[in-house]
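The values are calculated or read from the model by the stated rules, or taken from the named source; none is laboratory data. The structure displayed is predicted, hence computed values, not measured ones. All Cβ positions, glycine included, derive from the backbone under ideal geometry; neighbour counts span all protein chains shown. We work out accessible area using only protein heavy atoms, side chains counted, and drop any ligands, DNA or RNA first. Shrake-Rupley method; radii C 1.70, N 1.55, O 1.52, S 1.80 Å.
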Amino acid sequence: MKRSPVAALRLFLASALFLLSAACLSAQDIPLSGKWKFSTGDQAIWAQPKFNDSSWAAIAVGAPWERQGYKGYDGFAWYRLHVVIPSSIREHSFLKERLRFNLGKIDDGDQVYLNGVLIGQNAGSPGTIEAGQWQAERVYTLNIDDRRILWNKENVIAVRVYDHAGNGGMYEGPYGISVADVTDFITLDIGDPFHFNGPRQLSKKIILQSTSEKYDFTGKLNIRVTDPLSGTVVLKQTIGTDFAHDRPFEYLYKTTLPENKAYEVTYDFTEGRSGKVISTTEYIPYILTPAPSPLPRINGPEVYGVRPSAPFLYKIPATGQKPLEYTATGLPAGLKLDSHTGIITGSIAKKGSYPLQLTVKNKSGIGRRSFTIQCGPTIGLTPALGWNSWNCWGLSVSDEKVRQSAAAMAAQLSDHGWTYINIDDGWEDKRDAAGEVLPNNKFPDMKGLAGYVHSLGLKIGIYSSPGPRTCGGYLGSYQHEIQDAASYARWGIDYLKYDWCSYGEIAPKSPGLDDYKKPYIVMRDALDRTGRDILYSLCQYGWGAVWKWGGGIGANSWRTTGDIEDNWKSLSTIGFQQDKAAPYTAPGNFNDPDMLVVGRVGWGPSLHATRLTPDEQYTHISLWALLAAPLLIGCDMSKLDPFTLGLLTNDEVLAVDQDALASPAVKAWSKENIQIWTRTLKSGAKAIGIFNLDNKPARVTVPLSEIGLQKEQRLRDLWRQKDLGVHTKEYNATIPAHGVLLLSARTIAH
């Protein structure tokens, strides 16, 4: 989906609990997929069963109403369905306790009536800012003997929907009525992340719990670990279980894996009386990134851009045993370095290129690095490395959560070059009498917050829209661009994400190229007036081929796509279609295929572990690095597990993303489900990503000459930071399902 106002309401109820019964409909279900009636507007009588809806239009559930003749419609609308509920589904059920209505997902919020009586609603009354939970599957239940249910007779389901903006309606299934079965009362919770207890030694807590107050459950939990490359079961275990509503069953599963690679683990719970089975699978994470050496090493980009007289803030990213001592030779006038923190501050008055020699030392040794400050018109010479609050906290972002994220970045990631802490939608309140934007009560002191982030050597970003409202319905910058830019500068903001959102109400219905550019040029001019370096990120979902003109209007990055989600379909569809935009990559100008969906995400107060497998996450980071994309973490920074830290702290992988040449990525070779992407680096080496888009492992022979490598090549595995020897004609590798091998190739001179 395109990033639109509705996207900002994606506060879905996902958690780490695998409520598997809601995933599909059984043979006993009454389907609710056809003969729905529809009307825009809002009248209370439309909930009543006797209302005559024969003149209403037919509509399909499972797709937004915009695709069915109601393009651009926002506001209230109603769905109605007449359905007979046969008593046979009650009689054939194992447990006769509750009737369940599966009504798919709603955009944005709803109230559901059965025969004129409200039976449920999604996240409050529709029409409010946080009206609905965009990703929540709506499952409403009634006691089996509830008098509102008319067995063997016609029932009327009426759904009152409110759509704030963008797509609206009952857009995704499943849809059906069924009697809740045994498995509907059992939750198999595998949400606890794997804990690394040593090389290939992992553990995690598994919980079985009942939501029924009438029944206790017994059964067997079977755990099976499979090598996906060979299909061989390498470990298995069976555990007897006994649990009830107030007495969950907890089991600490411990395992030692044969090799350091991905294994698939299957959990099957078989309920003792009915024989019904709950089953789910996941992949066990494996860490490829070696632990940092105690020897000092300077990481991050080799070049940094700043404008003349603008405030300068840069923390030298360096790993090694602490404490570290930092020095810099060649610092231009106006800058100073704190030798204990590695933070450089001040300002440079004159344009120019300033080569530096950075040094960091500890008791184990000395690390050195050449580094160039380019003082001129272009900033953001390499892609932004940072964190954005949206994919984690959604509209529930707050000062406290931002401070926690900044502290976590400073403690765990800033030594690898991570810099930006970006507040997304949900911080705005109103304007004062002079028209100045005011933060809401979640952000009592924006300037103080920025000062705290800066004290850590980090930078802070903020979010707005060129329209009157943001995507979440908060205050936008329309007709207050100069005031807002001045406020950002006064607070100490370093980055602006500027999201199209409600500007669609201002722009023509069929905008042309100049219409797409206009609001972003206005804010660019406003930012230029501040005298502060504020990285400028356009968010308008790739409309008008923004990669062709974003740099020309002064943007540093621009979204090339709609919002990403934490699943393979979303990741692969977005990532592997970036070749059309890739040629427009240049220093200070970067395509943005959206934020990273690793770690614990959730788009609101309820978080869950990403649904990407470990290999899909390696693909995610590898492809984004090859694309020279901004890397913006979207997870809960206060709960970074060892696997996620390994993804985010591999300095050789990050160096590909941060390469100073900023050359475009090229899809160099494609055959069946294998794609090879390459990128030329400033050193003359090439970065190579070999991707397996298939859902099973693949043995790949890489023809080096066909990807532009004609002579002897010294290959290196960047994730494992391991040399692979010299190769001339080809390289053979086995790539996991949805996985990647990320290499560098350096031509051997003779």
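Pull up all non-local amide H partners of residue 109: gap of 5 or more, or a different chain, and H-to-H distance under 5 Å with H placed in the peptide plane.
Close amide H contacts, sequence-distant or interchain: 162.
Roughly speaking, to the nearest percent, how much of the chain's 1.4 Å accessible area is carbon and sulfur? Let's see the in-between values first.
Details: 14770 of 29340 Å².
On the chain, the fraction of accessible area on carbon and sulfur atoms equals 50 percent.
Apply 1/(1 + (r/R0)^6) to the Cβ-Cβ distance of residue 611 and residue 573, taking R0 = 22 Å, and write down the FRET efficiency to the nearest 0.05. Walk me through the numbers on the way to the answer.
Working: r = 15 Å, r/R0 = 0.68.
Here the calculated transfer efficiency is 0.90.
Segment 316-355: D in µm²/s via Stokes-Einstein (Kirkwood Rh, Cα pairs, 25 °C, 0.890 mPa s)? Intermediate results must be reported in sequence, preceding the final value.
Details: Rh = 11.4 Å.
For the chosen part, D equals 215 µm²/s.
Could you work out how far helix 399-412 tilts from the main Cα principal axis of the chain, as a 0 to 90 degree angle to the nearest 10?
Roughly 50 degrees between the two axes.
For segment 499-561, compute Rh as the Kirkwood radius over C-alpha pairs and then the Stokes-Einstein diffusion coefficient at 37 °C and 0.692 mPa s; write the answer in µm²/s, rounded to an integer.
Details: Rh = 12.0 Å.
Approximately 273 µm²/s, per Stokes-Einstein.
Angle between the Cα long axis of helix 446-455 and the longest principal axis of the chain, 0 to 90 degrees, nearest 10?
Compared with the principal axis, the helix lies near 50 degrees.
How large is the helix-only mean residue ellipticity at 222 nm for the chain, computed as the sum of -39500 (n - 2.57) over DSSP H runs with n ≥ 4, divided by its residue count, in deg cm²/dmol to the nearest 500?
Details: 10 runs with 94 residues, N = 750.
Helix contribution divided over all residues of the chain: -3500 deg cm²/dmol.
Apply 1/(1 + (r/R0)^6) to the Cβ-Cβ distance of residue 291 and residue 366, taking R0 = 22 Å, and write down the FRET efficiency to the nearest 0.05. The partial results should precede the final answer.
Details: r = 20 Å, r/R0 = 0.92.
The value I calculate is 0.65.
At 7 Å along Cα-to-Cβ for each site, give me the label-to-label distance between residue 222 and residue 440 in nm.
If labels sit at residue 222 and residue 440, their model points lie 4.9 nm apart.
Going by alpha carbons, how many degrees (0 to 90, nearest 10) lie between the helix axis of 513-528 and the longest principal axis of the chain?
Once rounded, the angle reads 60 degrees.
Please list, by residue number, everything in segment 149-184 whose backbone N is under 19 Å from a paramagnetic label point 7 Å out along Cα→Cβ of residue 118.
The answer is 149, 156-164.
Could you pull out every one of the lysines with an alpha carbon less than 19 Å from that of residue 447, ignoring same-chain neighbours closer than 8 positions?
Of all the lysines, those that pass the test against residue 447 - Cα under 19 Å, at least 8 places apart if same chain - are 401, 430, 459, 497.
Work out, step by step, the length gained on full extension between residue 211 and residue 235: first 0.36 nm times the residue separation, then minus their alpha carbon distance; give nm to one decimal.
5.6 nm
Given points 7 Å out from each Cα along the Cα-Cβ axis, report the residue 714 to residue 345 separation in nanometres with one decimal.
Going from the residue 714 label point to the residue 345 one covers 4.2 nm.
Going 7 Å from the Cα of residue 154 along its beta-carbon direction, which residues of segment 55-79 have the amide nitrogen within less than 15 Å of the resulting point?
Within reach of a label on residue 154, which here means backbone N under 15 Å from a point 7 Å along Cα→Cβ, segment 55-79 contributes 55-56.
Let's test this: bin the Cα-Cα distances of the chain at 10 Å from zero up to the farthest pair and state each bin's percent.
3, 13, 21, 24, 20, 12, 5, 1, 0
Calculate, for residue 431 and residue 58, the FRET efficiency according to 1/(1 + (r/R0)^6) with r their C-beta to C-beta distance and R0 45 Å; round to the nearest 0.05. The partial results should precede the final answer.
Working: r = 45 Å, r/R0 = 1.00.
Once rounded, the FRET efficiency stands at 0.50.
Treating only the Cβ atoms of Lys and Arg (+1) and Asp and Glu (-1) as charged, compute the dipole magnitude of the chain about its Cα centre; round to the nearest 20 debye.
Values: 79 positive and 76 negative charges, 308 e Å.
In debye, rounded to 20, the chain gives about 1480.
Hey, got a sec? Which trypsin sites (Lys or Arg not before Pro) in segment 431-525 land in a DSSP loop and have at most 12 other Cβ atoms within 10 Å?
On the way: sites: 431, 442, 447, 459, 469, 490, 497, 509, 517, 524; in loops: 442, 509.
Sites meeting the loop and neighbour criteria: 509.
Find the relative contact order for the chain and round it to a whole percent, using C-alpha pairs within less than 8 Å whose residues are 6+ positions apart. Don't jump to the answer; show the numbers that get you there.
On the way: 1927 pairs, mean separation 81.1, N = 750.
In percent, rounded to a whole number, it is 11.
Along the Cα→Cβ direction, 7 angstrom out, place labels at residue 506 and residue 695. What is the inter-label distance in nm?
4.5 nm
Counting only DSSP beta bridges with both residues in the chain, what percent are antiparallel, rounded to the nearest 5?
Numbers: 153 of 182 bridges.
Roughly 85 percent of the DSSP beta bridges within the chain come out antiparallel.
For segment 338-430, what does the alpha-carbon gyration tensor say about shape, rounded, prolate or oblate, given a ≥ b ≥ c as the root eigenvalues, a/c under 1.5 as rounded, and a/b over b/c as prolate?
On the way: a/c = 2.74, a/b = 1.55, b/c = 1.77.
Oblate, because a/c is 1.5 or more while a/b does not exceed b/c.
Please give the per residue volume of the convex hull enclosing the alpha carbon atoms of segment 570-651, rounded to a whole number of Å³.
Values: hull volume 8.8 nm³, N = 82.
Measuring per residue, one finds 107 Å³ for the Cα hull of segment 570-651.
For segment 543-603, what is the relative contact order in percent, using Cα pairs closer than 8 Å and at least 6 residues apart in sequence?
Values: 65 pairs, mean separation 24.6, N = 61.
Contact order relative to length: 40 percent.
Per residue, how many Å² of accessible area does the chain show with a 1.4 Å probe?
Normalised by residue count, the accessible surface of the chain is 39 Å².
Restricting to lysines 8 or more places apart or on different chains, can you count the pairs in segment 671-750 with Cα atoms under 21 Å from each other?
So the count works out to 10.
For segment 487-500, in order, what is each residue's ³J(HN,Hα) by Karplus, 6.51 cos²θ - 1.76 cosθ + 1.60 with θ = phi - 60°, in whole Hz (x at glycine and Pro)?
5, 4, 5, 5, 6, x, 6, 10, 7, 10, 9, 10, 9, 3
Are there GluC sites (Glu not before Pro) in segment 206-283 that DSSP puts in a loop and that have at most 11 other Cβ atoms within 10 Å, and which ones? Let's see the in-between values first.
On the way: sites: 213, 250, 259, 264, 271, 282; in loops: 213, 259.
Answer by residue number: 213, 259.
Between segment 207-280 and segment 442-509, how many Å separate their Cα centres?
If you average the Cα positions of each part, the centres end up 47 Å apart.
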